[in-house]
Amino acid sequence: MALTDTERRGTGLAPVPRRPVTRRRQFTGRTALTLFLFMVPAIAFVGMFTYYPLANGISMAFRNYNLNDLSDTSWVGLKNFSTLLHDEMFRGTVKNSVIWVAGSLIPQFLIGFTMALWLRRKFRFRGTYQALVFFPWAVSGFLIGILFRWMFNGEFGVVNDLLMKTHLISTPVPWLADAKYAMFAVIIANVWYGVTFFAIMILAALQSVPEELYEASAIDGAGKVRTLFSITIPAIRTTLALTVLLRVIWIFNSPELIFGMTGGGPANETHIVTSYMIQVTQEGDYGRASAMGVMVVFVLMLFAVFYLLSIRPRKAMR
Amino acid sequence: MIRDYSTGGRIARFAGLGLCLLITIFPLYWILVTSFKEPGTIFAYPLKYWPSDWSLANYQGLFEQSNFAVFLGNSLLVSFVAAAFATVISLLAAYVLARFEFVSKGAVMGAFLVTQMIPGFIALGSLYILMTKLYLVDNRWGLILVYVAVSIPLCTVMLRGFFENVPASLEEAAMVDGCSRLSALFRVLVPVMTPGIAASFIFNFVNCWNELFLSVTLMNSDSNKTVPAALNGFISSYNIDWGSMSAAAVLSIVPTMVLFAFASRYIVEGLTAGAVKE
């Protein structure tokens, strides 16, 4: 809602009413039937092509289900899970996932926050500026991966060229061929891709902070840093927390960029759990792939619950 | 107004914003420039930041060496039809979810939102099996059905946000004048909400246009592949032809960027209104 209101404030349109104009009323017979029919297609589609395969996928996690040998699809309990936990490669992808999420999230957050603070004050062409930096959002992670694969190319890549021209490096770096650098390069690309999302969400939140708070803090003689930590951050804490939560889940679940940029290589050094899961799916071992999926959902849910619990008490304190 | 920056602070701020813009635009500029270089110049050293020999050779090569026109056509058909169906279906659902209270409303909204949290490709394997049973593997209409289903949840949430900005008295007046609910919806509400509906359609279209894993899994013959799946094929081949690849990348990015430029404002509005509501 925040963005809607503030954007309208700028254009001189009437503000959107705070309370949605929903009528809570009874409806019977014909109306009820019509409304039911309105809902049926949406529910049917999502049920058939999302929830049914999902339930089936979860059941596969506990079965021996390999497309290359469907003669025995019996229930095997937790076997798929224990196979994975003993799989060196899987354990490597867990470690990589943590590096990938933390390494992408922290810079995205810091740069996005800074951009949002810079964009808070109105200036000429702010709208155009926002539209321009918003562009990466229209491009799929997979294509971003291809773009950066070309830029980080060891021989003809523009990144090496620029770094050598500015004398930051003296010889070309084989970014994507060397395990030492590959994860770093992939993370750089992902930071580039995700900064805008943070900037937009935080900007929307910033614009809902009442101006009086800033006036009061200015009268009290608070400096910039003090204002940031005592006024701005507490006021938008909830949005910050939710944005971070959604981003962690999203980054974890988005292996497209990795697919486009390195395909998980070199030597699986950039494979994260979800990209490995897709590879295993494509190889046909649905049981093992599903077990990975179940673990991903389980861990993310646990994370979400703990995370939400940990930010709650502070919210109550203010 | 927020406190005034000092002149130095202001210069620093605009320098920072300028740098961010430069970094955002550069990769897109670079792939564009690469796509217009002579195949020889792409691998020439030193790198050319502004080519002297603009050429369409890469585009020509792309269309001659692959079925790229077919891939583009498939992507257009699949994305357009899926986005249109998903928008209409979501519009009906969003109307009900925005205007009425009923017992299972929370459950429906919850079920839609949860689909955004879990990795959709957990279901990739079993979806493939389902589609095999329906004889819809390697079939563009099969992919369309799946894309419709994938697009509905978020589109519904977005449209619901737009509906809540329109007073209910509008369609009630139309119904008093004798319109049925459906015709009130399409004759009165839809015209008022055109920008939001267009943005939702574009959002769906761009998402379908960009989708990779479902397309790779469900489509295997060359005549049915969409653009992302075809690009994935180019990557898997041992040596990437970077000239054709950049031409293909540009062709697949430009349409979505143009559409997005028109609708991004409403898309952000719809997403924040629908999702960040108390």
From A:VAL225, A:VAL248, residue being surrounded by fewer than 18 Cβ atoms within 10 Å (Cβ to Cβ), assigned to a helix (DSSP H, G or I) and on the phi < 0 side of the Ramachandran plot: A:VAL225
Test: residue in the stretch B:53-67 that is away from chain A (no Cβ under 11 Å), assigned to a helix (DSSP H, G or I) and either under 30 Å from A:ALA304 (Cβ atoms) or among the basic types (Lys, Arg) (or both): no
Test: residue in the stretch A:178-185 that is in a loop (DSSP other than H, G, I, E, B) and more than 7 Å from chain B (Cβ to nearest Cβ): yes
Spans of helices (runs of 4 or more DSSP H) in the stretch B:107-176 with at least 3 residues in contact with a Leu (Cβ under 8 Å, 6 or more places away or on another chain) and in contact (Cβ under 8 Å) with a residue 60 or more places away in the chain: B:124-133, B:140-163
Count of residues meeting criterion [surrounded by fewer than 16 Cβ atoms within 10 Å (Cβ to Cβ), within 31 Å of the chain's Cα centre (by Cα), at pLDDT below 90 and hydrophobic (A, V, I, L, M, F, W, C)] in the stretch B:15-53: 1
Among (1) free of Cβ contacts under 8 Å to residues at least 60 places away in the same chain; (2) of a type outside the set (Lys, Arg); (3) open to solvent by 10 Å² or more (accessible area, probe 1.4 Å), the one test that B:ALA198 misses: (1)
Residue within the stretch B:89-103 that is more than 21 Å from B:LYS225 (Cα to Cα), open to solvent by 40 Å² or more (accessible area, probe 1.4 Å), touching a Leu at 6+ places or on another chain (Cβ under 9 Å) and without any contact (Cβ under 8 Å) to a residue 40 or more places away in the chain present: yes
Any hit, the stretch A:152-166, residues being open to solvent by 10 Å² or more (accessible area, probe 1.4 Å), without any contact (Cβ under 8 Å) to a residue 12 or more places away in the chain, over 17 Å from A:VAL195 (Cα atoms) and touching a helix residue (DSSP H, G or I) at 6+ places or on another chain (Cβ under 8 Å): yes
Among (1) outside any helix (DSSP H, G or I); (2) surrounded by fewer than 21 Cβ atoms within 10 Å (Cβ to Cβ), the one test that A:THR270 misses: (2)
Some residue of the stretch B:204-214 being open to solvent by less than 30 Å² (accessible area, probe 1.4 Å), among the aromatic types (Phe, Trp, Tyr), more than 23 Å from A:GLY127 (Cβ to Cβ) and touching a Pro at 6+ places or on another chain (Cβ under 8 Å): yes
Residue selected from the stretch B:1-13 under the condition touching a helix residue (DSSP H, G or I) at 6+ places or on another chain (Cβ under 8 Å) and of a type in the set (A, V, I, L, M, F, W, C), by the criterion modelled with the highest pLDDT: B:ILE2
Lone qualifier among A:SER275, A:SER290 - being in contact with a strand residue (DSSP E or B) (Cβ under 9 Å, 6 or more places away or on another chain) and buried (at least 22 other Cβ atoms within 10 Å of the Cβ): A:SER290
Residues (within 9 Å of chain A (Cβ to nearest Cβ) and outside any helix (DSSP H, G or I)) located in the stretch B:90-103: B:PHE100, B:GLU101, B:PHE102
Residues (surrounded by fewer than 23 Cβ atoms within 10 Å (Cβ to Cβ), farther than 14 Å from B:VAL192 by Cα and within 9 Å of chain A (Cβ to nearest Cβ)) located in the stretch B:137-171: B:LEU145
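The values are calculated or read from the model by the stated rules, or taken from the named source; none is laboratory data. This is a predicted model, so every value here is computed, not measured. All Cβ positions, glycine included, derive from the backbone under ideal geometry; neighbour counts span all protein chains shown. Quick note on the areas: whole protein, heavy atoms, side chains included, nothing else; ligands and nucleic acids left out. Shrake-Rupley method; radii C 1.70, N 1.55, O 1.52, S 1.80 Å.
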